[in-house]
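Novice: Below: one structure in structure tokens.
The values are calculated or read from the model by the stated rules, or taken from the named source; none is laboratory data. Please read these numbers as outputs of a predicted model, since none were measured by experiment. In this analysis, Cβ positions are derived from the backbone assuming ideal geometry, glycine residues included, and neighbour counts consider all displayed protein chains. Heavy atoms of the whole protein, side chains included, go into the accessibility calculation; ligands, DNA and RNA do not. Shrake-Rupley method; radii C 1.70, N 1.55, O 1.52, S 1.80 Å.
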Amino acid sequence: MSWILRVRGLQKSFQDAQETRLVLDDINLSAGAGDVVALVGPSGSGKSTLLNLLAGILEADAGEIELCSEGRTVAYTGLSASSRTRLRRRHIGYVFQFFNLVPTLTVRENVMLPLELNGLEELEAEALSRLESLGLVARLNDFPAHLSGGERQRTAIARALAHRPTVVLADEPT
Ligand SMILES: Nc1ncnc2c1ncn2[C@@H]1O[C@H](COP(=O)(O)OP(=O)(O)OP(=O)(O)O)[C@@H](O)[C@H]1O
Ligand SMILES: [Mg+2]
């Protein structure tokens with residue numbers, strides 16, 4: 001199998017007060033290990049929506065998403081919200097468009113959270129050295145509200161990579 005993430009015939013629409021708006025129609029893609037895939041399109045074209053579907057935050061109306069990790073393939077269709085949350089927690093790193101750092105946790109605590117949730121405390125040293133290479137050592141005990149935009153962004157990137165996820169989704173990360 002050459003892909004780790006595969007999307008077939010994906011469709012998603014949103015219901016407004018008056019109308020149903022089709023945002024994604026028949027999206028197909030596959031990505032292999034080590035691939036970097038850039039998703040390009042105008043504002044409002046559905047980029048964040050697609051990433052939210054790949055992360056299992058949203059549910060598709062039709063089509064299938066499959067993730068292959070540690071020799072096992074999981075299809076999203078039919079998974080409960082809590083199963084999708086578990087899948088996301090372990091296998092996906094997500095740099096959100098608006099970062100979504102936990103406001104009551106420090107930089108260090110935000111980045112260590114995925115390790116705690118996954119019982120991967122042995123990766124703490126690696127996560128700390130990543131924070132160092134991202135120039136965040138002086139900010140470790142600061143809360144997100146006291147960070148600059150770039151510092152927030154780099155904290156979000158460090159958090160997305162901490163648990164060595166199978167797939168990193170990054171929504172306008174630069
Ligand atoms: N929860 C929602 N309910 C209704 N409409 C939504 C919802 N989320 C997104 N949309 C609509 O879907 C379309 C795609 O939104 P999305 O956020 O995916 O765009 P985008 O390509 O990421 O845009 P940007 O580049 O501005 O971030 C937009 O028209 C938006 O209004
Ligand atoms: Mg977006």
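Novice: Which count do you get for residues in segment 33-79 that are within 20 Å of Ser13 (Cα to Cα) and touching a His at 6+ places or on another chain (Cβ under 6 Å)?
Specialist: 0
Novice: Follow-up. With Leu39, Leu29, Leu10, Leu50 as the choices, which residue is on the phi < 0 side of the Ramachandran plot and assigned to a helix (DSSP H, G or I)?
Specialist: Answer to the selection: Leu50.
Novice: Sticking with this structure for a sec: Kindly indicate whether any position in segment 121-134 is open to solvent by 50 Å² or more (accessible area, probe 1.4 Å), more than 20 Å from Thr166 (Cβ to Cβ) and part of a loop (DSSP other than H, G, I, E, B).
Specialist: Taking every residue of segment 121-134 in turn, none turns out to be open to solvent by 50 Å² or more (accessible area, probe 1.4 Å), more than 20 Å from Thr166 (Cβ to Cβ) and part of a loop (DSSP other than H, G, I, E, B).
Novice: Could you list, in sequence order, all residues of segment 146-174 that are assigned to a loop (DSSP other than H, G, I, E, B) and away from ligand 2 (no atom under 16 Å from the Cβ)?
Specialist: The first filter runs over segment 146-174 and keeps only residues assigned to a loop (DSSP other than H, G, I, E, B), leaving 147-148, 162-166, 171-174.
Listed by number, the residues that qualify are Leu147, Ser148, Ala162, His163, Arg164, Pro165, Thr166.
Novice: A further question follows. Yes or no: Gln153 within 16 Å of ligand 1 (Cβ to nearest atom), surrounded by fewer than 16 Cβ atoms within 10 Å (Cβ to Cβ) and in contact (Cβ under 8 Å) with a residue 12 or more places away in the chain?
Specialist: No.
Novice: Taking the residues in segment 6-25 that are within 24 Å of Glu172 (Cβ to Cβ) and either surrounded by fewer than 12 Cβ atoms within 10 Å (Cβ to Cβ) or not aliphatic (A, V, I, L, M) (or both) as candidates, determine which candidate is farthest from ligand 1 (Cβ to nearest atom).
Specialist: Among those that are within 24 Å of Glu172 (Cβ to Cβ) and either surrounded by fewer than 12 Cβ atoms within 10 Å (Cβ to Cβ) or not aliphatic (A, V, I, L, M) (or both), it is Arg6.
Novice: Here's a check for you: in segment 53-79, which residue that is among the small types (Gly, Ala, Ser) and part of a strand (DSSP E or B) is farthest from ligand 1 (Cβ to nearest atom)?
Specialist: The extreme case among them is Ser69.
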